[in-house]
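The values are calculated or read from the model by the stated rules, or taken from the named source; none is laboratory data. Because the structure is predicted, anything quoted here is derived from the model rather than measured. Neighbour counts run over all protein chains shown; Cβ positions are idealised from the backbone, glycine included.
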Amino acid sequence: MFNNLNDIITFLVSTFLAVLGGIVRVLSAQDQTSEYRPSSYDYTKNVVISMFVGVLAYTVCREYGASDNMTAAFTGLAGYSGTHVLDYAMNRVKHLMDKFDVKK
């Protein structure tokens, strides 16, 4: 997965941006509804989900040869999107399984 120091740095920056995206998501939800006050559980949950989705986005970007900047951008956006990215990916997998008649 890591061939040199640049790959490790890109991974760490991408993971940080994904986590930051998850925190921004919680903060933006707080601004939209004045009654919503995020707890430490909300922050922790979003950070873990964002990190997981960010690592997935990083892996996909590396597989398709995306540049470091594009990888960082996608991981940050994926971190912000969090569970929406996972829902979309699962729907795509289900669609492909139905298309190719793969048994569950």
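Test ALA78 against the criterion of being surrounded by 14 or more Cβ atoms within 10 Å (Cβ to Cβ) and either farther than 22 Å from ARG25 by Cα or of a type in the set (Lys, Arg) (or both), and give yes or no.
no
Looking at ASP31, ASP87, can you tell me which residue is out of contact with any Leu (no Cβ under 8 Å at 6 or more places or on another chain), at negative phi, surrounded by 10 or more Cβ atoms within 10 Å (Cβ to Cβ) and at pLDDT below 90?
Every option except ASP87 fails the conditions.
Find all pairs meeting these conditions: Cβ atoms under 8 angstrom apart; at least six residues apart or on different chains; first residue within the range 57-81 and under 9 Å from THR10 (Cβ atoms); second residue outside any loop (DSSP other than H, G, I, E, B) and basic (Lys, Arg).
Short answer, once both residue conditions are applied: THR71/ARG62.
Within the set of pairs 6 or more residues apart or between chains, which connect a residue that is more than 15 Å from MET70 (Cα to Cα) inside the range 1-18 to a residue that is buried (at least 19 other Cβ atoms within 10 Å of the Cβ) with Cβ atoms less than 9 Å apart?
What qualifies is MET1/PHE11; PHE2/PHE11.
Mind checking which residues of the range 36-73 are under 18 Å from ASN3 (Cα atoms) and either among the β-branched types (Val, Ile, Thr) or in contact with a strand residue (DSSP E or B) (Cβ under 9 Å, 6 or more places away or on another chain) (or both)?
Answer for the range 36-73, where residues must be under 18 Å from ASN3 (Cα atoms) and either among the β-branched types (Val, Ile, Thr) or in contact with a strand residue (DSSP E or B) (Cβ under 9 Å, 6 or more places away or on another chain) (or both): VAL55, THR59, VAL60, THR71.
Please identify the pairs in which a residue from the range 35-53 that is closer than 10 Å to GLY22 by Cβ has its Cβ atom under 7 Å from the Cβ atom of a residue that is of a type in the set (Lys, Arg) and in a helix (DSSP H, G or I), counting only partners at least 6 apart or on another chain.
ASN46/ARG25
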